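Undergrad: Let me give you the structure first, and then I'll get to my questions.
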Amino acid sequence: MCCHILHVARDVLLSFVTCTAFIVCGMTASSAPPVTEGLRHEWDADSTGQSKAISQWISGSGRKIRAEQPNSDLQPKRVMIGDKSVLRFDGDNDVFRIVGLNETLKHATIFVVAAPHSNQGDFRGLVSANGKNQRDYESGWNIDLGPGPSNRVNFINIEGKGFGGAFNVLSFSGSQSGTEGPESLPLGELFAFRLTIDPQNKLVSTALNGVTKGTRPFTPSDLKMDELTLGARFYTNGPGEHQVRSPFHGDLACILIYDRVLSETETPQIDRYLAEKYLSLNPLLKSTLPKSINSSVPLVHVENPRPVQMLVPGFDVKEIPVTLTNVNNVKYRPDGKLVTLCYNGDIHILSDEDGDGLEDKAELFCHCATRLPQRSRSDRCFERKGVNDR
Ligand SMILES: [Ca+2]
Ligand SMILES: [Ca+2]
């Protein structure tokens, strides 16, 4: 890669560098999912009551599992949307952990209804499962917003035992996966995401709002679900204890975990159920969102940007006809010569041959990359050549 050296004001060194807690109970019978066979977990925020911090979340499925969050600072807030509820996670530390489940999934169909409010990157987790003292992505499974920050939902990552490695189901090739429909969604809008783990077909498949998205191969495995994390991830990449990471910023409305692959007739039933119950809330949901989400204007690229824009006033930037590789530093010597230091350690002296005040010629002063040890090559060049005003 090359970059053009720019004329800058002298004697300036520039660097170029690339409370009260309430309980949310399960749904009433009348609003239960239309398919219940194999429904292990039914985390549903829908409930009546006031908007308060939530210390417990009880699964509406048969086992009535209770998720506890005694730390008030880590409790999400319940927000009423009409006669329905969502749980609002602050993206700082709000999370629910359920430990001691000691469950294993060989096949599964998982639904998540969520509305991210922001995505600062680093795999913001909607829900994940892990074996005790193990990483979620190696022992269980996880659904998150992927590695990079974004101002739209344009990355939904699914990983797990038997389908390892970050993978964006929204960018998968349509020709192979049947992907169609929008490739991104706005923040602050509820969507229903489906993950199907199918060992018989050795495939993991997904859908967003009922529309098929990316698929990936699956090596049939026992996916541990000793512990569940709602609204975050659970792992540590390096050494050390695994822990809650990547807290989700946004609303969680519902998480359904079936321990089987739903049939082609059952899946659309759940899609419709979630759409009618939750996606229909989107017009009302907007009024409950912070202005920063509702009225923010996304940054746009500047048309025909200059190669370098000085952000400090008082400088005039002009491109000069010299091309060098990966320049990290430039500085004028007291005698007026411009010295450049490249990333590979090479040093050039620049001169103004035609006297117009702009450097137009570069002479290699020291080719350091092949002559000097990596850590001290630039220092030695300056010493040997008498350049002492770095
Ligand atoms: Ca918090
Ligand atoms: Ca010149």
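The values are calculated or read from the model by the stated rules, or taken from the named source; none is laboratory data. What you see is a predicted model; the values in this text were computed from it and never measured. Cβ atoms come from the backbone with ideal geometry, glycine included; neighbour counts cover every protein chain shown.
Let's see how each residue does on (1) surrounded by fewer than 16 Cβ atoms within 10 Å (Cβ to Cβ); (2) of a type in the set (Ser, Thr, Tyr); (3) closer than 20 Å to residue 130 by Cα:
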| residue | (1), (2), (3) |
| --- | --- |
| 33 | no, no, no |
| 53 | no, no, no |
| 70 | yes, no, no |
| 101 | no, no, yes |
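Undergrad: Using the structure shown, decide if residue 129 is touching a helix residue (DSSP H, G or I) at 6+ places or on another chain (Cβ under 7 Å) and aliphatic (A, V, I, L, M).
TA: Spelling it out, residue 129 is indeed touching a helix residue (DSSP H, G or I) at 6+ places or on another chain (Cβ under 7 Å) and aliphatic (A, V, I, L, M).
Undergrad: Next up: Take the residues in the stretch 73-97 that are surrounded by fewer than 21 Cβ atoms within 10 Å (Cβ to Cβ) and modelled with pLDDT of 95 or more, then tell me which one is farthest from ligand 2 (Cβ to nearest atom).
TA: My answer is 97.
Residue-by-condition table, conditions (1) assigned to a strand (DSSP E or B); (2) farther than 28 Å from residue 238 by Cβ; (3) among the acidic types (Asp, Glu):
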| residue | (1), (2), (3) |
| --- | --- |
| 92 | no, no, yes |
| 101 | no, no, no |
| 104 | yes, no, no |
| 122 | no, no, yes |
| 126 | yes, no, no |
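Undergrad: Then there's this: Limited to the stretch 122-155, what total is found for residues that are under 15 Å from residue 171 (Cα atoms) and under 8 Å from the mean Cα position of the chain (by Cα)?
TA: The number of residues fulfilling the criteria is 7.
Undergrad: Of these, 228, 208, 185, 170, which one is in the same structural domain as residue 61 (by TED's automatic domain parsing) and closer than 21 Å to residue 59 by Cα?
TA: Criteria check complete, one pass: 228.
Undergrad: When you scan the stretch 206-231, how many residues do you find that are assigned to a strand (DSSP E or B) and in contact with a helix residue (DSSP H, G or I) (Cβ under 8 Å, 6 or more places away or on another chain)?
TA: The qualifying residues number 8.
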